[in-house]
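J.: Handing you this structure, nothing more for now.
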Amino acid sequence: MDKVDREILRILAADGRCGYSQLAERVHLSANAVAERVRRMQANGTIRGFRAVVDPSALGRTLEAQIDVKLRPTTSAAEFEQAIRDLPQVTSATLLTGSFDYSLRVECASRAELVEVAETIRHEAGAMETYSRVILREVNLRPVG
């Protein structure tokens, strides 16, 4: 990967909708050359995909929280991940070292829904303990990519 590829990645991370013509202009290559570089980076897995980043409040989910999870000794990471896959409120799960096994990011419509999600995680997903924190504000220091 050269300097031009890194610049293309930086631009696409900030604006995944940037077209080949715009990219070409910004990195001083032809649109065909940029398109080929993007296709190559998609093929080799450097670019994993493009997605829309949706404001959760547009979906009625105005309460965002993190739930730290300690698994039961009998629950494997794979089993837990499979169990939470069908919870639409869970937007990400991070396997950790330390006191808790996972940190989940959740988006809920209400406090009652947050309680319901935490209860589901404890009773149906194999968690022994949960610790929830409501997110007050988030500052993105890097473009979402």
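J.: Just want the answer: with Cβ charges of +1 for Lys and Arg and -1 for Asp and Glu, which residue in L136, Q22, A43 is farthest toward the dipole's positive end in the chain?
T.: Q22
J.: Can you give the log10 of the normalised intensity I(q)/I(0) at q = 0.17, 0.19, 0.21, 0.24 Å⁻¹, computed with Debye over equal Cα scatterers of segment 3-43?
T.: Debye intensities relative to I(0), on a log10 scale: -0.34, -0.43, -0.53, -0.71.
J.: By how many nm would the segment from V53 to E25 lengthen if fully extended, with 0.36 nm per residue of separation less the alpha-carbon distance?
T.: 7.6 nm
J.: Could you compute Rg(Cα) / (2.2 N^0.38 Å) for the chain, with N its residue count?
T.: 1.35
J.: Right, next: 7 Å from Cα along Cα→Cβ at both S92 and E129: what's the point-to-point distance in nm?
T.: Placing both labels 7 Å along Cα→Cβ, they lie 2.5 nm apart.
J.: Sticking with this one: Could you work out the helix-only [θ] at 222 nm for the chain, with each DSSP H run of four or more residues adding -39,500 (n - 2.57) and the total divided by the number of residues, to the nearest 500 deg cm²/dmol?
T.: After summing the helix terms and dividing by residue count, I get -11500 deg cm²/dmol.
J.: Shifting gears a bit: Within 10 Å, count the other beta carbons around each residue, average over each peptide in 6-15, 52-61, and list them highest first.
T.: Most protected by this proxy first, the peptides run 6-15, 52-61.
J.: Which whole-number percent of Cα pairs in segment 56-134 have a distance greater than 15 Å?
T.: I get 49 percent for the Cα pairs in segment 56-134 exceeding 15 Å.
J.: Among Y131, Y102, Y20, which comes first, then next, by fewest other beta-carbon atoms within 10 Å?
T.: Least crowded to most crowded, the residues run Y131, Y20, Y102.
Quick note: the coordinates plus some simple rules give every number you see, no bench work behind them. Just so it is clear, the structure is predicted and the values come from calculations on it, not from any experiment. Methodologically, a virtual Cβ is constructed for each residue, glycine included, from the backbone with ideal geometry; neighbour enumeration extends over all protein chains shown.
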